[in-house]
Amino acid sequence: MLKYRLPLRQQFLAWMSLISIFAPGLVGSAETAVTIGKYLQEFTCHREMQSGLPALDITAIERTKEGLVVRTTAGAAQWDGQQWVVCSARDSSVEFPPDHGELRQLTTDGAERSAAASSEGLFERIHGQTWKLLHVDDGLGRRWATQDVRGVAYDADGGLWFATMAGVGRRDADGNWDFYEGKDGLPYNDFTCCATGMDGSVWFGTRKGAIRYQDGTWAYRQGLRWLPNDDVRAIVVDDDGTAWFATASGVGCIRRRMMTLDEKA
């Protein structure tokens with residue numbers, strides 16, 4: 001006798017039809033067991049961050065005891081949670097030897113160390129003593145950070161990050177150096193500043209957008225989808241991982257939170 005067997009797809013459809021007829025409860029329980037996952041998503045909110053600014057040309061942004069403060073070409077303003085409120089500009093000048101080059105960025109670990117990004121190199125001082133030039137050797141006979149350092153920041157683990165046209169470097173708490181170039185995933189290198197977050201993120205400002213590095217992954221944020229202007233002058237990262245950007249056309253803000261893909265859409 002010749003036996004005929006249905007193709008697997010038709011067998012599956014036939015079984016599903018029988019289940020839906022004789023065991024609708026099973027089908028219903030399977031449907032209700034499906035869960036929608038939530039993922040850490042980024043979203044921007046810079047369009048609503050311009051109210052109250054004395055000018056949109058933002059030259060600096062910093063965290064103070066009173067909160068977030070920006071400097072513009074027409075004065076300073078402080079963020080009150082809803083809008084910017086004009087405030088008195090504080091003297092943010094620091095003592096940095098003129099023979100050490102043009103100061104690009106200054107950072108502190110909140111305790112005993114300070115570091116400076118300068119046109120003449122990467123400098124560090126401990127307990128307010130003399131600034132010392134850091135000679136950074138990558139182990140391949142190349143010396144990094146000997147000039148034109150664009151950004152510098154300490155991270156929560158005691159590491160020191162710096163950014164140059166050659167790439168990005170990090171010194172860990174034990175004094176070991178790691179380096180990142182285009183071949184390592186670094187998307188762009190015309191840096192302007194650097195900032196770190198308590199969530200382990202490291203942000204780099206450039207003249208054409210912003211770059212985030214976290215958990216071994218690089219992300220490039222450029223264009224009006226993410227920033228009011230690609231010319232990023234300074235960055236501050238809140239304790240919750242929110243990144244604030246001083247740009248040529250206002251204040252940018254990129255937040256991160258857990259949400260479903262449907263909620264993000």
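Only the coordinates and a few stated rules stand behind these numbers; no lab work does. Please read all numbers here as calculations on a predicted model, not as lab measurements. So basically every Cβ, Gly included, is an ideal-geometry build from the backbone, and we count neighbours across all protein chains shown.
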Computed FRET efficiency, Cβ-Cβ of Arg255 and Thr146, R0 30 Å: what is it to the nearest 0.05? 0.20
By a straight-distance test (C-alpha under 16 Å), which aspartates and glutamates pair with Lys183 as possible cross-link partners, with residues fewer than eight away in the same chain excluded? Asp138
Using a 7 Å offset from the Cα along the Cα-to-Cβ direction at both Met165 and Asp178, what is the distance between the two label points in nm, to one decimal? 2.7
Along the Cα→Cβ direction, 7 angstrom out, place labels at Arg125 and Asp190. What is the inter-label distance in nm? 3.3
Roughly what would the spin-label model give for His100 and Gln82, points 7 Å off Cα along C-beta, in nm? 4.3
Can you sort Lys132, Lys183, Lys208 from fewest to most other Cβ atoms within 10 Å of each residue's own Cβ? Lys183, Lys132, Lys208
For region 161-265, Rg(Cα) over 2.2 N^0.38 Å is 1.08
Region 76-95 versus region 44-69: alpha-carbon centroid distance in Å: 8
Fewest to most neighbouring Cβ within 10 Å: what's the order for Thr242, Thr59, Thr217? Thr217, Thr59, Thr242
Percent relative contact order for region 39-264, counting Cα pairs under 8 Å at least six residues apart, stands at 20
Give me the dipole magnitude in Debye, nearest 20, for region 39-264 about the Cα centre, with unit charges on the beta carbon: positive for Lys and Arg, negative for Asp and Glu. 480
Only counting other Cβ atoms within 10 Å, I'd like Cys253, Cys87, Cys45 sorted with the fewest neighbours first. Cys45, Cys87, Cys253
Once fully extended, how much extra length lies between Gln214 and Met198, figured as 0.36 nm per residue of separation less the alpha-carbon to alpha-carbon distance? 4.6 nm
Could you tell me which of rounded, prolate or oblate describes region 39-264, using a ≥ b ≥ c as the square roots of the eigenvalues of the alpha-carbon gyration tensor, with rounded for a/c under 1.5 and, failing that, prolate when a/b is larger than b/c and oblate otherwise? oblate
Provide the net charge surrounding Pro97, with neighbours chosen by a C-beta distance below 13 Å and charges set as Lys +1, Arg +1, Asp -1, Glu -1. -2
